[in-house]
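Step one of this worksheet: look at the structure below.
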Amino acid sequence: MKVPPSASLGAAVFAGILSLLGTEAHAFEDSARGIYFEGGRAPHGDKGATNSATVGVTLPWSLRQPVHEGALTSYWDLFISQWHAPALGSGSRNYTQLGAIYTWRYRFGGGSSAWFAEGGVGGTVMDHLYKTPDRTFSTAFQFTEVLGVGRSFGENGRHELTLRLQHFSNAGIKKPNPGENFVRLRYTYHF
């Protein structure tokens, strides 16, 4: 599978930003609520790309559990997103999406590392059917899965940057079911 240049550039920028954030260790609780802003892109080859802008909240759900040499927590991720996609005719089309994802987070280093990995599953609904020159959803409802890696920084780890891969599809409820895959960069502030 060929990695699009925009994904490679995004990963390089993400790694560079994280290297500037320092390496001090804390006892991260991952128990604070958060608000986040996220930008994403789903490339369509020569047909353009779908871009997304998202705002959401994270709500802690479980207590910290030691797992192997790390710590596991979970949270609810509630969001609203705007997709800007290539249209079937001329111009572009906008879609509004509401969603909820249940996410598990694994923090390395017995829970004291600034680094974490996460994965989640959930559901979304769009204001109308998503249609582009190379893919058409048959339902407004979509399941979603996400994988991410990120780093906490700042006082008490209140700030986070996360690089995420996210998939949307209706799991075969109705055909066609082409799905859509986004690479996303998220900034979260915990309060």
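Observations, loosely collected:
Okay, residues lined up against (1) under 18 Å from V55 (Cα atoms); (2) part of a strand (DSSP E or B); (3) in contact with a Ser or Thr (Cβ under 9 Å, 6 or more places away or on another chain):
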site	(1), (2), (3)
I101	yes, yes, yes
S138	no, no, no
F143	no, yes, yes
G148	yes, yes, yes
R164	yes, yes, no
I173	no, no, yes
P176	no, no, yes
R184	yes, yes, yes
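- Filter pass, F14 being in contact with a helix residue (DSSP H, G or I) (Cβ under 7 Å, 6 or more places away or on another chain), modelled with pLDDT under 95 and aromatic (F, W, Y): no
- Of all residues in region 114-132 being touching a strand residue (DSSP E or B) at 6+ places or on another chain (Cβ under 6 Å) and part of a loop (DSSP other than H, G, I, E, B), the one that is nearest to N51 (Cα to Cα): Y130
- Filtered residue count, region 30-69, keeping only those that are assigned to a strand (DSSP E or B), at pLDDT 90 or above and more than 24 Å from H84 (Cβ to Cβ): 4
Results for (1) under 17 Å from V57 (Cβ atoms); (2) open to solvent by 60 Å² or more (accessible area, probe 1.4 Å), shown as yes or no for each residue.
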site: F137; (1), (2): no, no
site: F143; (1), (2): no, yes
site: G150; (1), (2): yes, no
site: G157; (1), (2): no, no
site: R164; (1), (2): yes, no
site: S169; (1), (2): no, no
site: K175; (1), (2): no, yes
site: E180; (1), (2): no, no
site: F191; (1), (2): yes, yes
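- Residues that are open to solvent by less than 50 Å² (accessible area, probe 1.4 Å) and modelled with pLDDT under 95 within region 75-104 comprise A85, P86, A87, listed in sequence order.
- Pair list, Cβ < 7 Å and 6+ apart or interchain, from region 180-191 residues that are under 12 Å from G150 (Cα atoms) to residues that are open to solvent by 80 Å² or more (accessible area, probe 1.4 Å) and at pLDDT 95 or above: Y187/F37
- Among the candidates S152, S138, residue that is free of Cβ contacts under 8 Å to residues at least 40 places away in the same chain and not aliphatic (A, V, I, L, M): S138
The values are calculated or read from the model by the stated rules, or taken from the named source; none is laboratory data. Every value quoted in this text rests on a predicted model; they were computed, and no experiment measured them. Note that each Cβ is placed from the backbone with ideal geometry, even for glycine, and that neighbours are counted across all protein chains shown. These accessible areas exclude ligands, DNA and RNA; they are computed on the full protein's heavy atoms, side chains included. Shrake-Rupley method; radii C 1.70, N 1.55, O 1.52, S 1.80 Å.
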